[in-house]
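Working notes, beginning with the structure itself.
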Amino acid sequence: MRALIHDPHAPRRLGFADVPAPRPARSEALIDVHATSLNFGELAYMAERLPVGAVPGWDAAGIVVAAAADGSGPPVGTRVAGFAPGGAWAEQRVVDTANLATVPDGVDLAAAAALPAAGVSALQAVGRLGPLAGRRILITGASGGLGRVAVQLAAQGGAHVIAAVGSVARGTGLTELGAAEVVVGLDGVAPVSAALDNVGGELLAQVAGLLEPGGIVQAVGKASLQPTTIDFEELRNRNGNAAIAAFAVQPPFGPDLAVLLDAVATGQLDAQVDWQGPWAEVHKAAEALLERRVKGKAVMRIGTGG
Ligand SMILES: NC(=O)c1ccc[n+]([C@@H]2O[C@H](COP(=O)([O-])OP(=O)(O)OC[C@H]3O[C@@H](n4cnc5c(N)ncnc54)[C@H](OP(=O)(O)O)[C@@H]3O)[C@@H](O)[C@H]2O)c1
């Protein structure tokens with residue numbers, strides 16, 4: 001089958017190759033991939049984290065062509081989306097059925113492919129912020145794929161959402177998604193009960209300084225690629241007992257993915273697909289994402305669609 005592989009000599013380390021089709025384990029379904037999305041983490045850390053020759057890709061949506069041998073999960077012909085640590089940027093992939101969800105009628109596979117990593121991480125991270133109703137919740141990197149889902153979920157939970165972005169243009173659409181304030185940088189932002197930080201670096205230190213006593217920041221990402229220096233002595237004196245948590249998304253992903261897909265089906269959630277194209281244009285998609293030109297998600301069509 002055709003697949004994208006980690007090729008250190010190709011642009012953005014992504015080259016096309018013919019590779020053997022994946023062989024499902026007993027708890028895995030085999031899926032014909034129709035759409036897949038790109039995530040900051042898989043692109044930014046490919047050199048360090050993905051073996052040369054391996055097929056990247058966490059998110060995919062498509063059709064089950066072989067159900068799991070252990071009898072779990074959906075039957076052949078079901079439209080599904082799944083989240084696994086690799087293998088999605090290919091004509092076929094396997095996913096453990098615990099990390100798979102059925103795509104409801106009326107939800108297109110491009111939207112479904114946008115949701116696994118970014119959406120499930122947003123859902124779990126927002127869930128760890130504590131009560132939302134009436135509280136001031138700060139979300140940094142709100143313009144990105146994870147951020148745009150987190151803004152919607154926190155606002156629907158009744159929070160006063162402050163969406164922090166890199167420029168006015170990057171914040172387009174966030175008010176419509178439920179943000180009460182869209183801010184460029186954090187100067188002048190009043191203290192918050194909790195925060196979800198996608199950017200890291202100096203911004204995370206600033207976010208920690210904005211927490212009310214007892215507040216928490218879920219440090220979700222490091223899109224700045226910069227480490228953070230935090231003066232804990234100053235933090236404890238100023239915001240007694242504020243907490244900084246290193247968030248990591250946890251399996252099983254299927255149940256959370258099903259929640260998100262149902263919310264898309266009922267019109268409560270928008271997956272925020274901003275860039276769509278055939279997988280032949282993977283380099284364009286990767287560049288747009290890493291150069292902060294995608295407001296939400298980039299989705300590639302694979303197989304007949306691509
Ligand atoms: N912990 C976990 O389990 C987990 C799971 C999924 C994702 N993540 C991480 O969460 C973060 C957000 O993921 P995502 O999919 O939403 O990524 P994304 O779509 O690329 O969004 C990242 C956002 O960060 C901001 N940013 C600030 N400085 C940046 C820089 N130097 N380069 C790129 N972006 C920068 C950008 O907003 P502006 O342009 O408006 O500044 C951008 O919209 C990533 O760091 C990712 O690795 C973590």
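How high is the relative contact order of the stretch 239-306, given as a whole-number percent (alpha carbon pairs under 8 Å, six or more residues apart)?
Details: 49 pairs, mean separation 20.1, N = 68.
It comes to 30 percent, rounded to a whole number.
Quote the FRET efficiency, to the nearest 0.05, computed for Ala245 versus Leu225 with a Förster distance R0 of 25 Å and r equal to the Cβ-Cβ distance. Don't skip to the answer; put the middle values down first.
Details: r = 20 Å, r/R0 = 0.81.
The pair Ala245/Leu225 has a calculated efficiency of 0.80.
Identify which of Val259, Val294, Val220 has the largest mean-square fluctuation in a Gaussian network model of the chain, with springs joining Cα atoms closer than 10 Å.
Its mean-square fluctuation being the largest, the pick is Val259.
Any chance you could give the angle, 0 to 90 degrees and rounded to 10, that helix 201-210 forms with the longest Cα principal axis of the chain?
Between the helix axis and the principal axis of the chain, the angle is about 50 degrees.
Using Cα positions and a limit of under 19 Å, work out the aspartates and glutamates in reach of Lys297, with same-chain residues fewer than 8 apart set aside.
Glu42, Asp59, Asp108, Glu176, Asp197, Asp256, Asp262, Asp270, Asp274, Glu281, Glu287
Placing +1 at every Lys and Arg Cβ and -1 at every Asp and Glu Cβ, with all other atoms neutral, what dipole size does the stretch 150-306 have around its Cα centre, in debye to the nearest 20?
Details: 10 positive and 16 negative charges, 71 e Å.
It works out to roughly 340 debye.
For Thr140, Thr228, Thr172, give me the order by solvent-accessible area with a 1.4 Å probe, most accessible first, ignoring ligands, DNA and RNA.
On the way: Thr140 0, Thr228 50, Thr172 80 Å².
Heavy-atom accessible area, descending, gives Thr172, Thr228, Thr140.
Give, as ranges by residue number, the residues of the stretch 101-136 whose backbone N falls under 16 Å from the point 7 Å along Cα→Cβ of Glu181.
134-136
With a 1.4 Å probe and every protein chain kept in, tell me what percent of the accessible surface of the chain is carbon plus sulfur.
Working: 6790 of 12730 Å².
Looking at the chain in its full context, I get 53 percent from C and S.
How much of the pair distance distribution for the chain lies past 24 Å, counting alpha-carbon pairs only, in percent? Don't skip to the answer; put the middle values down first.
Numbers: 23676 of 46665 pairs.
Above the 24 Å cut-off, the chain has 51 percent of its Cα pairs.
With the chain treated as a Gaussian network of Cα nodes joined by springs under 10 Å, which of Leu138, Leu196, Leu30 yields the largest mean-square fluctuation?
Result for the chain, Cα springs under 10 Å: Leu30 fluctuates most.
If one computes the Cα centroid of the stretch 131-166 and of the stretch 236-306, what distance in Å separates the two points?
14 Å
Per q in 0.11, 0.18 Å⁻¹, report the Debye log10 I(q)/I(0) for the stretch 153-292, using one uniform scatterer on each alpha carbon and no solvent.
For the stretch 153-292 at q = 0.11, 0.18 Å⁻¹, log10 I(q)/I(0) is -0.52, -1.28.
Accessible area per residue for the chain in Å², computed with a 1.4 Å probe and the full protein assembly in place, what is it?
Numbers: 12730 Å² over 306 residues.
On a per-residue basis, the chain sits at 42 Å².
Ranked by accessible surface with a 1.4 Å probe, highest first, in what order do Val264, Val217 come? Mind showing how you got there, number by number?
Details: Val264 30, Val217 0 Å².
Sorted by accessible area, descending: Val264, Val217.
Under the definition of Cα pairs under 8 Å and six or more residues apart, what whole-number percent is the relative contact order of the chain?
19 percent
Using only the heavy atoms of the protein chains and a 1.4 Å probe, how would Ile139, Ile5 rank by accessible area, largest first? List each step's numbers first, then the result.
Details: Ile139 0, Ile5 30 Å².
Largest to smallest exposure gives the sequence Ile5, Ile139.
Based solely on its DSSP helices, what 222 nm [θ] is calculated for the chain when runs of n ≥ 4 H residues each add -39,500 (n - 2.57) and the sum is averaged over all residues, nearest 500 deg cm²/dmol? Each step should come with its number before you reach the end.
Values: 9 runs with 77 residues, N = 306.
About -7000 deg cm²/dmol.
How big is the accessible area of Ile137 in square angstrom, nearest 10, if you roll a 1.4 angstrom probe over the protein chains?
Using a 1.4 Å probe on the heavy atoms, I get roughly 0 Å².
The values are calculated or read from the model by the stated rules, or taken from the named source; none is laboratory data. Given the structure is predicted, the values throughout are model-derived calculations rather than measurements. Glycine also receives a Cβ, built like all others from the backbone with ideal geometry; neighbour counts cover every protein chain displayed. We work out accessible area using only protein heavy atoms, side chains counted, and drop any ligands, DNA or RNA first. Shrake-Rupley method; radii C 1.70, N 1.55, O 1.52, S 1.80 Å.
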